[in-house]
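Any read-out appearing in this document is the output of simple, stated calculations on the displayed coordinates, not a laboratory observation. Predicted, not measured: the structure shown is a model, and the values here were computed from it. Ideal geometry is used to build each Cβ from the backbone, glycine not excepted, and the neighbour counts take in all protein chains shown.
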Amino acid sequence: MNITFELPLGGYSEGANVENLPSNTTGDMNNVRPQDTLSGRLRIGQRPGLGKAFTQQIASASGPVVVLGSVSVVEYLGTD
Amino acid sequence: MATQQDYFIPTGELPSNVANIWTNINTKFLATTFTASATYNVTKVSLLLSKMGISGNANVSIQSVDGESKPSGTDLTSVTKKDIRSINQYNGGITGGNSAWETFTFDAPALLTSGTTYAVVVKISDYNSLKNYVQWWYEQPSGTATKISYQSTDSGSTWSLISETQDTTCCFEIYSNYAVVDSHITGTGANVLTLGGAYWGNQTFTTTANHLLKSVELNLQKTGADVTLSTINVSIRATSGGEPSGENLTLGTIYGSDVDHTVAGWYEAVFSNPIELADSTMYAIVIGAPGSDYPSFYARGTSTGNVYEGGTQGYSEDSGETWEEQSADTDDLWFKTYGIELDAGEGVSPESDQVTVKKLWAIGSNEFWYEDVNGDLIQLAGSVGELDTSEPLIAQEAYGKVFIANGTNLKIADFANIKITTTNIGSHPPDFGTVLTGGTSNATMVVDYIDALASAVNIYGRRTSNAPFQAETVTGTDNDGNSISFTGTAETRPPHWYDWTVFGNSSTFGEMPNYATLVALYNSRLVLAGNKNYPHQWWMSRAYNPYNFLYDPTDPLTAISGGDGDVGEVGDIITALIPLGNDFFVFGCASEINIIDGDPSYGGTVENLSFTEGIYGAHSWCLDNQNNLYFFNGHSLSMSIGGRNKPVDLSSLHLPNWANDWGLIQDEDRIVLTYDFIRAGIVIFKTNLVTGANKNYFYSLKTKGFYPEIHPRECGIFSSFYYNSNDSNTRALLLGCNDGYIRSFYESSLNDNIGDSDSTIKSWATLPIQPLNKDPDKKGKLTELVFELGGGESGGTFVDTDSLSYEIHVGNSAETVLEDIKDGATAYISNDLTGPGRTNKIRPRARGHYLGIKVYNFNTDETWTLNKITGKVIEAGN
């Protein structure tokens, strides 16, 4: 019998007994997403990595960045 | 508007020649030489690039050349661009290879002289893997090229041609700012005029073309280290009898604080109102710093020989009323005028549709940081030690300012207003919205906030004139018709840092809560909550005025708080403030969700959205691109359509024990939700406040599935924000991390960065456990197995999977098989697969009732994707 194995495109689930998990789900996965990083197609693959968006470390210290946002200004005042 | 000057571009749409160039080691540089076709200030360069993997910082410079026309090693100007992630990934194509123009804007312009040869030099720094490199695309033009490309493998010490057999030129475009129209910059520099106070200077000049004047550059130097130099006004006037005449035709400024005293330099005054100057006409550049003492700065030029024939210098002792020449006709100031030459009747294209600039800001370790003009994050000096990030803290942007609620620390970071200071405001201080005028400068501003009503006062407001405020008498009229007059200092540019109080810090304008940890913007009002003594209470400022908290029932725009009008306090402890447009406002509470519908000062009502679900914390919610509200209630993920319909549970089917599985402890763990619109999902982060240990889920809006993730502790998420930057390089979903860095998810990142190094992403997935026989009492045998890994075939156009490992487990029940896999039991068979595409047949001969296949990759600098797995199963008895 030829068989095509189900891939866990539906993600992680522990909501039913292992044999009857919702279709396309699995009881074991980590750092995998349903959209691949190679071409953006809908298929399972490793998640994108975390990289620095800015080289500066806030306060040059090891404390967390507790809040982020943006502000819009009018440039002509010559703000820094 | 930048002007393209010299360039070499592909003859077709894409570079047509084979191959490309690798800069995959730190010591390898690339360069292309060119001869300037005109004299201009180079401001930026674009290069035709693609990349493999990830890339570090790119340094691009303009260098002079040596006697062999190779780069000399001397930078005339340069820029180091942070992680150039926006460069397109090489797609393996021979032609074009998915390359695109990447622009590098230099830190400072550099003057290139017509007929002189220069070099564009490229080097990559912070490079960390042989798999990652940048490619600069070239062509090999027929005939003898006038622009030649070189390579160096010893960090620019020696250079060789990229091709010894055929001229090769990498594709580039050089841009300048506005062209220099008229100038005098010859001879040896000297201090020609000594200026300051009522002592002004001028240089007359005769135009050589009909043009639109955009700016003027002058060579200046402050007279001493202890001199305070205020704003320098630079204007253009007509002339009569060889002297300045009439009013200013246009006015620009140079900030005195920018002018150095140790070395002379060129400083540019940009005219926000450019004017058209006629050809062959004499005009005057008038220079003065009326707000400074005399002497305070030198205007420099030549004092012997090298006479400028188109005009001469002069000075005034009465602020430009009358003029004299300094000494001999041979004295001239150095100057450069910039503009756009115009033919008769020629129109000018709009410079830009951009009217605002966005700046990212971030708070961590008790400090406020923000994005400068170079795209780097810098500290707001006044904020150091003014916040306590060990306490709850939320901040909200409004009116060009950031309003911060951090317990007793209610603060403002002001990016919109200028500041002037007085030691005595007089008997009639300005009101919110008062227009003030500078008596000498004629500058005007609209008052936004003052920090006191008497004696010494700091005044913040929006300048509405081109001219800046100097040290001068400032006047106006208050709301009651009283005259305002005080002596103010020269203005200070934003940003500013100050306490958020009511206007003038006076109870006349109401009373703010003494403690708040939540802030939001709703219906033009700043909203405060999160007071531990009044946890059900909320406060809203007057509409359009964040400094007025006085309740006035006769004012439809009045400030208001719970119980002032028809809307009372919320019936539960407020944990989150969620504005959803100007129609309604959501109070997330410990066990409920309530809505204020409409304006609370004018017919607004309170409704309950849920009596059974609350919102875990101030960060535990987000909105998608259709304004649907997602929130974590402490045990599951829920969604409210449009933010005002009954919540729908999204996770209990798959994650019935979510809180227990995560070991959630509310006073130890932060839950952050964020909407990733690029990947169409909600990311739910759980981070331990002390250690940064984390567990996370990606919830896909496409598949409706949950995907668990773990990040390194350094990358534990404490905050998130989608930054819609003006710069596409920094436009991304940003994540505030445990170690003080701001990160984002990047498809090109194969690992997680943890500061100075990378951490391997360990990824795995177990396929749904498969019965091997339709009869549950009988076994089956897997006799063949074939994997198909993503990427097509190796070397093709599609990006390839690096490698993938697999394990096969069998057992008597599905649960046993899954348990074995999760417990790390020895697999029946395991192996590694490399490269993309379809693998050879594997013959596992795995026999049992149930089969489990686990795929995984624990390797550094690798990623993978899986298309399918097929196999063949036969009956195998009992």
Sorted by Cβ density within 10 Å, fewest first, the residues B:Trp101, B:Trp334: B:Trp101, B:Trp334
Cα-centred dipole magnitude for the protein assembly as shown, charges only on beta-carbon of K, R (+1) and D, E (-1), debye, nearest 20: 3760
B:Asp861, B:Asp667, A:Asp36, B:Asp318 arranged by Cβ crowding within 10 Å, fewest neighbours leading: B:Asp667, B:Asp318, B:Asp861, A:Asp36
Shape parameters for the protein assembly as shown, alpha-carbon atoms, Rg then Dmax in Å: 33.4, 115
Members of B:Lys44/B:Lys81; B:Lys222/B:Lys419; B:Lys781/B:Lys854; B:Lys123/B:Lys359 lying beyond 20 Å, as alpha-carbon distances in this model show: B:Lys222/B:Lys419; B:Lys123/B:Lys359
Inter-label distance for B:Lys872 and B:Ser485, nm, one decimal - labels placed 7 Å from Cα along Cα-to-Cβ: 10.4
Dipole magnitude of region B:490-568 about its Cα centre (Cβ charges: Lys, Arg +1; Asp, Glu -1), debye to nearest 20: 260
Projected area averaged over orientations for chain B, convex hull of C-alpha atoms, nm²: 45.3
Helical contribution to [θ] at 222 nm, DSSP H n ≥ 4, -39,500 (n - 2.57), averaged over chain B, rounded to 500: -500 deg cm²/dmol
Potential extension, B:Thr186-B:Asp832 segment - 0.36 nm per residue separation minus Cα distance: 225.5 nm
Under the Debye formula (equal points on every Cα, no solvent term), log10 I(q)/I(0) of region B:719-764 at q = 0.32 Å⁻¹: -1.19
Ranked by how many other beta carbons lie within 10 Å on average, peptides B:868-874, A:24-30 from highest: A:24-30, B:868-874
Förster radius 60 Å - calculated FRET efficiency between B:Ser319 and B:Lys532, Cβ distance, rounded to 0.05: 0.55
Net dipole in debye of region B:759-878 [+1 Lys, Arg Cβ; -1 Asp, Glu Cβ; about Cα centre; nearest 20]: 520
Using a Förster distance of 45 Å, the FRET efficiency for A:Asn2-B:Phe677 (Cβ separation, nearest 0.05): 0.65
Tensor-based shape of region B:782-857 (alpha-carbon gyration tensor, a/c under 1.5 rounded, otherwise prolate or oblate): prolate
Gyration tensor (alpha-carbon) shape descriptor, region B:494-549, a/c threshold 1.5: rounded
Cα-projected label distance for B:Thr113 with B:Asn625, points at 7 Å along beta-carbon direction, nm: 5.4
Binned Cα-Cα distances of region B:621-664, short to long, each 5 Å bin given as a whole percent: 6, 24, 28, 19, 14, 8, 1
Shielding by partners, peptide B:734-740 (average Cβ within 10 angstrom, other chains): 6
Region B:675-683 - phi-based ³J(HN,Hα) in whole Hz, Karplus 6.51/-1.76/1.60, Gly and Pro as x: 9, 9, 6, 5, 9, 6, x, 10, 9
Theoretical gain in end-to-end length, B:Ile710 to B:Asp667 [0.36 nm per residue, Cα-Cα removed]: 13.4 nm
Region B:788-849: trypsin sites (Lys or Arg not before Pro) in DSSP loop, at most 15 other beta carbons within 10 Å: B:Lys841, B:Arg845
Virtual spin-label span in nm between B:Thr206 and B:Asn726, 7 Å along Cα→Cβ: 4.0
Calculated diffusion of region B:103-256, Stokes-Einstein form, Kirkwood radius summed over Cα pairs, 37 °C and 0.692 mPa s, µm²/s: 155
Theoretical gain in end-to-end length, B:Asn660 to B:Ile378 [0.36 nm per residue, Cα-Cα removed]: 97.4 nm
Calculated FRET value between B:Val648 and B:Val263, using beta carbons and R₀ = 45 Å, to 0.05: 0.10
Peptide B:748-760, shielding by other chains (average Cβ, 10 Å cutoff): 3
Shielding by other protein chains, B:862-874, mean Cβ within 10 Å: 5
Sorted by Cβ neighbour density within 10 Å, fewest at the top, the residues B:Glu371, B:Glu276, B:Glu709: B:Glu276, B:Glu709, B:Glu371
